[in-house]
Amino acid sequence: MEFDLIEMIRQRTAQPRDDVRLGIGDDAAVLAVPPGQELAVALDTLVEGVHFPHGSAAADIGWKALAVNLSDLAAMGATPAWALLALTLPAPDADFVQGFAAGFAELAQPHRLALVGGDTTRGPLSISVVVHGFVPPGRALTRAGARVGDAVLVTGTLGDAAAGLALVLAQGQAAGVADELRPARDYLIARLNRPTPRLAAGLALRERASACIDISDGLLADLGHLCTASGVGAEIDAARLPLSSALLALHDDASALPFALGGGDDYELCFSVPPERVVEVQAGLARLGCGATRIGRIVAGSGVRVRGADGAWLTIAQHGWEHFA
């Protein structure tokens, strides 16, 4: 049965690439890194009830398991190439695997990402994905490099996925929202289940951003990681945070703010750029369809402070997700 499941995944995710010398079906994959490229590698694990709610659709789990890893490559300015998959299932479930592989492939194929190997085993539902991408030597984006005076920007909108999770956990996906607000509810839940890795934005930022990170644990937590790596601090303005019309349809500004600052799971990019390049960067990312909003600046010191609409510094209770807090 295990090999039937592996074959099911192999067929659904097939992606021919010349640099895959030997893929699924042997003890190890044999891969060729193109000349003049460095290899960027990222790994994330998703566990049921921690990274996705119990009862999530298999196709959504497949999509998200890959998306969170591709987001890491985006933050490094890397182009995706290959992936490894470790799938742990409570029992052999062909229907689940079919749906999972379909969601995984739906995101993988537009990026020409090839699944080249992995493992299946029995246990509580969890998924680990390793992704490999290419970046020219010395040109990877990193969390280090932000300088005092740089502007802080984010792609897309913030807080949508966290608000979507709150809807799922509080009342299920189909209850508790008036009919006219259901499009907003559906949008927020879709942002939770199927995040968009900002790969094109990462490539566009490779020659422009001084530092970059993806927002997985929450804006304050992840910007804090960037500041720590760069040896700086940051100040952001709450009034400048980009909030979607869907989020504001269900929440006023005050209740939307905690989702945007500490909710996580949006997988947008947060980055710093020299102030003279802000207009250029915003124009470039607007052409890519994700846009970029200037939310603050890099300052001397450490940590991240948030200024309210009245100019006073806010006290923030929750900065983001911590697995072992």
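Each value in this text was obtained by applying a stated rule to the coordinates, not by laboratory testing. Everything quoted here is computed from the prediction, not taken from an experiment. Every residue, glycine as well, gets a Cβ built from its backbone with ideal geometry; the counts of neighbours run over all protein chains shown.
Dipole check for the chain: with +1 at the C-beta of Lys and Arg, -1 at the C-beta of Asp and Glu, and the Cα centre as origin, the magnitude is about 880 Debye.
What does the charge count around Val30 come to, taking other residues whose C-beta lies under 15 Å from its C-beta (Lys +1, Arg +1, Asp -1, Glu -1)?
With Lys, Arg at +1 and Asp, Glu at -1, the neighbours total -2.
Distance between the modelled labels on Val41 and Ala286, one decimal in nanometres: 4.1 nm (7 Å Cα→Cβ projection). When GluC sites (Glu not before Pro) are flagged only if DSSP places them in a loop and at most 11 other Cβ atoms lie within 10 Å, the longest unflagged stretch of the chain comes out as 1-206. Taking the dipole about the Cα centre of the range 2-135, with the C-beta of Lys and Arg at +1 and of Asp and Glu at -1, give me whichever of Val97, Ser71, Val30 is farthest to the positive side. After comparing all options, I get Ser71.
Restricting attention to the chain, close to 70% of DSSP beta bridges with both partner residues there are antiparallel.
Taking 0.36 nm per intervening residue step and subtracting the Cα-Cα distance, what contour gain separates Ala312 from Val148 on full extension?
Values: separation 164, 0.36 × 164 = 59.04 nm, distance 2.15 nm.
Result for the pair: 56.9 nm of gain on full extension.
Couplings for the range 263-273, taken from phi via the Karplus curve 6.51 cos²θ - 1.76 cosθ + 1.60 with θ = phi - 60°, read x, x, 6, 7, 6, 7, 9, 10, 8, 10, 9 Hz in order; Gly and Pro are left as x. When the Cα atoms of the chain are aligned to their principal axes, the ranges along those axes come out at 62, 53, 37 Å in descending order. Counted over the range 2-135 with a bin width of 5 Å, the fraction of Cα pairs per bin, in whole percents, is 2, 11, 22, 25, 20, 12, 6, 2, 0. Helix 94-108 axis versus longest C-alpha principal axis of the chain: approximately 50°, rounded to the nearest ten. Both radii were evaluated on the Cα set of the range 71-112; the Rg over Rh quotient, with Rh as the Kirkwood radius, amounts to 1.07. Using only the Cα atoms of the range 96-177, build the gyration tensor, take square roots of its eigenvalues as a ≥ b ≥ c, and label the shape rounded, prolate or oblate: rounded if a/c is under 1.5, else prolate if a/b is larger than b/c, else oblate. Here the range 96-177 falls in the oblate category.
Shape class for the range 130-236, computed from the alpha carbon gyration tensor (a ≥ b ≥ c): prolate, with a/c not under 1.5 and a/b above b/c.
Rounded is the label for the range 216-325, because a/c, from the alpha-carbon gyration tensor with a ≥ b ≥ c as root eigenvalues, stays below 1.5.
Dipole magnitude for the range 151-307: computed about the Cα centre from +1 point charges on Lys and Arg Cβ and -1 point charges on Asp and Glu Cβ, it is near 340 debye. A protection proxy built from the mean count of other Cβ atoms within 10 Å ranks the segments 132-141, 117-126, most packed first, as 132-141, 117-126.
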